[in-house]
Structure formats: C-alpha cells, structure tokens
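Working notes, structure below.
Every read-out reported here was derived from the displayed coordinates using simple, explicitly stated rules and does not represent laboratory data. Note that the coordinates shown come from a computational prediction; the quantities given were computed from them, not determined experimentally. Neighbour counts are summed over all protein chains in view; Cβ atoms, including those assigned to glycine, are modelled from backbone coordinates with ideal geometry.
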Amino acid sequence: MKTTLTSKAYDQIKEWIVRYQLKPGTHLAVGELSDALRMSRTPVREALSRLEQEHLVDHQPMRGFLIKPLVLRDVEDIYDIRCALEVLAVQQAARRLSEKHRKRLAHIMGQVNTLIRDGKKNLTLGLEQEFHRCILEASGNRMLVDVGKGILDRIWALQRLNILTSDHLGNAHREHSAVVQALEAGDARKAGALMKKHLNLAKQFILGRLKDHQDIISQALTGLPDSGFED
C-alpha cells in the first residue's frame, strides 16, 4: 500500500511541477502536501526523494525541499539533450514507422491545423507535446522513450508559457509538418536534419526570451531578475 501511495504522491506532485502549478523556487512543506493529497507524510517524503533524483526538486539541510529554480544553463543543457535524443528517435522512427504511429501523427497534425485556424491556441498545448511523444514511441526504442519523455516533462511549463505568450506556434507546426513528410518518405537523414533544425530554433527562441528580463516568460518562470539568467 505504501508503494502505491508513494507513486500516487509522486505522480501528482510531478504534475503540479511540470504544469507550473507549483513554481520554481517554491518551498514544499511536507505537511501541507500531505493534507492536500490526503495521506501521511511518509509517502510524500518518499515521492519528494524520487523527484530529487530526477532533479525536479532540491533538498536543503534545515530548509527541506524546494522546486529547483529555473537557471539558463540548465535550460540550455536540457535542450541539447532533448535534441540529441529526438534526432535519434526520428531517425529510428523513419526506418520503423508503423501504420499505427503514422495514423496517430496524421490525426495530431490535422487537429493542430484546425485549432490554429480557429485561433484556439490554448487547446494545442497537449497536442504539441503528444507530437514529440509519438515520435519517441515510433522509434521502437524503449529506453529512448523513457528518457525522452522525462526530458519533455522537465520543459512542459516552459513550452506551455512560450506557446501561450508568443506567435511561435504557426512556425513550429510547419516545421512539424516537414518532419512528418520526411518520416512518411522513410528518409531518416532528412527527418533527423529537420528535427535538429526545429529543436535548435526552439532552443534559441526560448533562450532569447529567458535572457530578456522584461519578457513575460522570464518574469513568470523566475520571479526575480537575479535568479540565474545571465549570459
């Protein structure tokens, strides 16, 4: 039962973090989390220890747990790792693309296209994440899927705020379309090059916004102008 409760606490706290319901730098009171989750403190502490291993929270002596502040170097490193993983994933997917994943990608792209046309940007958030998850799964590489999904979770809040507060979505959707065309053609080299270009452009766009302390995304995710966003 304890393992089940720990998993439940882990899943819920992680969702709060990656969806920005708990902000970077927030101190996590075990008692308050226990009350919110309606469980004892033991599974909550165990869940926080798991999140510490994933570098989503820090444990400080005498201060307890807090959500890791967003630091520019961390964002750069995460995007570099993401690029390496997803380029490999799309190359493998181009060689192994199943009819199931082909149809799933086509469905995602069609939905996003309709939502963008109708100006319903907020409804595309999950679909944008799903696009990248689908390509990871289409690779057929289980370890790559597990690690890749963890990286996507780490940048969910960043991606969400970026989409909601910019006009970048249309460009991203066109880049996704080009990747899908290369996948369907079975062109692993082209698919990898397009994915690399797409993620590098996304990285530079995000970093540019984070370096600008007047940008809404920088203010929302850091809270303070001196929280680690230096060149």
Consider a paramagnetic label point 7 Å from the Cα of ALA106 along Cα→Cβ; state which residues of the range 143-177 have an amide N under 16 Å from it. 177
Integer Hz, Karplus 6.51/-1.76/1.60 couplings in order for the range 184-195, x for Gly and Pro: 5, 7, x, 8, 5, 5, 5, 4, x, 5, 5, 5
Expressed in angstrom, Rg and Dmax over the Cα atoms of the range 2-67 are 10.6, 28
Per residue and in cubic angstrom, what volume does the convex hull of the Cα atoms of the range 10-137 have? 154 Å³
Computed D for the range 72-221, Stokes-Einstein, Kirkwood radius over alpha-carbon pairs, 37 °C, 0.692 mPa s, to the nearest µm² per second, is 211 µm²/s
If packing is taken as the mean number of other Cβ atoms within 10 Å per residue, what is the order of 152-159, 191-198, highest first? 191-198, 152-159
